[in-house]
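Shown next, in structure tokens, is the structure this report addresses.
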Amino acid sequence: MSVAGLKKQFYKASQLMSEKVGGAEGTKLDEDFKDLERKADITSKAISDVLCKTTEYLQPNPASRARLTMANAMSKMRGQVKSLGYPQAEGLLGECMLKYGRDMGEDTNFGGALVEMGEAMKRLAEVKDSLDIDVKQNFIDPFQTIVDKDLKDIQHHLKKLEGRRLDYDYKKKRQGKIADEELRMAMEKFEESRDAAETSMQNLLDTDVEQVSQLCALVGSQLQFHKQSMQVLEELAGAMRERVNKAQSQPRQKRMPVSRPSIDYSDPEDSNGGWNPSAAAPPSYSSTAPSFNRASSRQKRNSADQPCCRSLYDFEPENEGELGFNEGNVITLTNQIDDNWYEGSFRGQTGLFPCNYVEVMVPLR
């Protein structure tokens, strides 16, 4: 930096310090310029914020946006010009439905419905891609041009104006100590920067027709998107209704019971210790308990002939004359001794057992 440049930076820093700390007054800009600056500042903030929020509206998932940005950057580094595109949520859902629908089979009602809906969701993703492209071309790119060019020009001219004002005010305070020619040049540069800043801000505000046209283009893109989406969804809704009506009109197929071979749970003498269906005990009974089918047939015979009960728990006799049994056994009742004890017979043995261990099926006469 030249000596003159260093002196100018010193002048500006000294003037700024005297204004901030010492309360010195600088050159006042006219009210029209301040009003123009305020309007340009609001317009600049509006364009920047709307541009950011529009991008978030088109691509709402921050994680997906980050992955897409990184993938696009990598593709550019590798020399791949084509952009990967944003992974639309509709497309991801459609791919999931298509996969499982084809796995189930399109000939099934549910599988065919998943395939139809998956294809419709893929179409919706394509419609959303068209919205992204239209909004980027007709709204985001023009606004981004304003941000990159017009707003930067305004900020550049305003920053330059502030620097030249500080330089001019410093020299003006030291009038007599600084050459008149130097003071005159500082004033001319200040006026030049003010005119340039005013012109750039006025140009921005005069292009509001173009900005409204770009908003109109955004609305048109959204309208086209919703029309196409509605068409796809109406077709899909009609296809789903047809499938529901077709499924409801078809009679349900009756499943015929499959005859199962009876299994003998008796313990064969030639068992080698391995699993054998004919040697396996019923799952919910002990090895001495009769099978469910046998118990059911015995229950029917007892209910027709004589009083009986079914045991609720295992009972191990502790005294002579008591009758032992397992849970689920059917016992023939012969007598009730008192409120706590029954007398009955089971497997050829007769004895006493507690009343609360059994459930009476056919009471004593």
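The values are calculated or read from the model by the stated rules, or taken from the named source; none is laboratory data. Since the model is a prediction, treat every value here as computed from it, not as a measurement. Cβ: placed from backbone, ideal geometry, glycine included. Neighbour counts: every protein chain shown. For accessibility, only protein heavy atoms count, side chains too; no ligands or nucleic acids. Shrake-Rupley method; radii C 1.70, N 1.55, O 1.52, S 1.80 Å.
Here are the numbers for the structure shown:
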quantity	calculated
Calculated log₁₀ intensity ratio I(q)/I(0) where the Debye formula runs over C-alpha points of the stretch 308-362, q = 0.12, 0.13, 0.24 Å⁻¹	-0.20, -0.23, -0.87
Inter-part distance where the stretch 158-198 and the stretch 310-350 are each reduced to a Cα centre, Å	119
Those lysines that a straight Cα-Cα span of less than 30 Å connects to LYS173, excepting residues fewer than 8 apart in one chain	LYS7, LYS8, LYS12, LYS20, LYS28, LYS34, LYS159, LYS160, LYS189
Within the accessible area of the stretch 108-168 (1.4 Å probe), percent carbon and sulfur	54
Unit charges at the beta carbon, dipole of the stretch 308-362: most positive-side option, ASN335, VAL362, ASN319	VAL362
Cα→Cβ-extended label distance, 7 Å offset, between ARG38 and PHE10, nm	3.9
Around GLY91: net Lys/Arg minus Asp/Glu count, Cβ-Cβ under 9 Å	-2
Solvent-accessible heavy-atom area per residue, rounded to whole Å², over the stretch 308-362 at 1.4 Å	57
Approximate spin-label separation MET104-ASN356, in nm, with each point projected 7 Å along Cα-to-Cβ	5.4
Cross-link pairs beyond the 24 Å C-alpha cut-off, checked among LYS136/LYS227; LYS53/LYS149; LYS53/LYS122	LYS53/LYS122
Accessible surface of the stretch 308-362, 1.4 Å probe, proportion on carbon and sulfur as whole %	38
Partner lysines for LYS246 [C-alpha distance under 20 Å; skip if fewer than 8 residues away on the same chain]	LYS254
Dipole magnitude of the stretch 308-362, debye to nearest 20 (Cβ charges: Lys/Arg +1, Asp/Glu -1, about Cα centre)	300
Full-extension gain in nm, CYS52 to GLU320, via 0.36 nm per residue minus C-alpha separation	87.2 nm
